[in-house]
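Notes follow once the structure below has been shown.
Coordinate-derived values only; no laboratory data. This is a predicted model, so every value here is computed, not measured. Every residue, glycine as well, gets a Cβ built from its backbone with ideal geometry; the counts of neighbours run over all protein chains shown.
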Amino acid sequence: MQNNPSTDPNGSAGTVFYNGDLIDAREVNISPFDHGLLTGDGIFETLIAYDGEPFATSRHYKRLTKAANTMGLDAPAEDDLVSHMRTVLKANDLEFARLRVTITGGDSPLGSDRGSLGQTLVVAVSTVPEFNPAAKVFTVNFARNDKGALVGLKTISYGENVVALKTAKENGANEAIFGNTEGNLCEGTGTNIFVVYDGQLITPPLTAGCLGGITRGLVIELCGELGVGVEETDTPLADLVNAEEAFLTSTLREVQPICEVNGQAIPVPEDGLAPRLKAAFGELVKRTKNP
């Protein structure tokens, strides 16, 4: 699979779709009054492309429209949005890539009120970052608000995640894990989490405040195909260090084992569920690009 390097140090490719036009990213003029910039008023989706084709577009679009409806934003028609993604991939000569769709409230007054001049839509691509074979995670001591207005929405208000990931890296980890207001396991900054206790695979329920991850949902379905029982139930965040096995899921990581929690090693069994599910996910990608 092709993954062309970029001159951008962040791996971002040079051509983007911006408000109806395919243009060089350096020519994009985001207004200083864009409500996404001013207040974090916006939504997004991160997708991955395999062999030049965006993956799981229908699932991502369903989540995008849910967020748009809640936030009072408008999502483009699904076919149009997928066409924009394919166009950007082709323009940047990328087959294996990260795609980012962002919609903001557009030009607005200085404050919380949204303006009436129209939204901002950007479709951008970059190379796919490389992840370690196994993740080291750190549980942060501030909670994910499972009762907030934005629960379950993929918004661009990511300040909390930025602080959490910075904290994790300062403690020798490469992903942060949140508990919720009840002290139960919730999610990572950009990942869902699965754990094994007493031989039972468990993942936090959506009521815990976690995002309904696309890969999370697919992995739960793959568990059914493999005859692996999985429970969506609350478990204390503090118990994570005692897991018999644990792994992260996300669009870019797919399925990634966890090898360390707060500096303490946890088992990464070679015959565990993580490698089985990662292999099954790879087979799914070969079968279909829009499961």
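Numbers at a glance
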{"quantity": "Spacing of the two label points (7 Å from each Cα toward its C-beta) at Leu252 and Arg26, in nm", "calculated": "2.4 nm"}
{"quantity": "Nitroxide proxy distance, nm - points 7 Å out along Cα→Cβ at Tyr158 and Asn242", "calculated": "3.5 nm"}
{"quantity": "Using a Förster distance of 25 Å, the FRET efficiency for Lys66-Ala279 (Cβ separation, nearest 0.05)", "calculated": "0.25"}
{"quantity": "The chain: mean projected area of Cα convex hull, nm²", "calculated": "15.0 nm²"}
{"quantity": "Total charge dipole magnitude, segment 15-126, about the Cα centre, Cβ charges on Lys, Arg, Asp, Glu only, Debye to nearest 20", "calculated": "360 debye"}
{"quantity": "Extension reserve of the Lys286-Asn171 stretch, reckoned as 0.36 nm per residue once the Cα distance is removed", "calculated": "37.6 nm"}
{"quantity": "Residues of type lysines that Lys286 reaches as a straight line, Cα spacing below 21 Å, ignoring anything fewer than 8 places off in the same chain", "calculated": "Lys90, Lys278"}
{"quantity": "Amide H contacts under 5 Å for Asn184, placed H, 5+ residues apart", "calculated": "Leu237"}
{"quantity": "Order of Asp113, Asp41 under a 10 Å beta carbon neighbour criterion, fewest first", "calculated": "Asp113, Asp41"}
{"quantity": "Base-10 log of normalised Debye intensity for segment 135-287 (one unit scatterer per alpha-carbon) at q = 0.09, 0.10, 0.11, 0.12 Å⁻¹", "calculated": "-0.25, -0.31, -0.38, -0.45"}
{"quantity": "Total charge dipole magnitude, the chain, about the Cα centre, Cβ charges on Lys, Arg, Asp, Glu only, Debye to nearest 20", "calculated": "260 debye"}
{"quantity": "Linear extension gain, Glu232 paired with Asp113, 0.36 nm per residue minus alpha-carbon span", "calculated": "39.1 nm"}
{"quantity": "Shape parameters for segment 135-192, alpha-carbon atoms, Rg then Dmax in Å", "calculated": "10.8, 32"}
{"quantity": "Net lengthening on full extension, Glu221/Thr46 (0.36 nm per residue, minus Cα-Cα)", "calculated": "60.9 nm"}
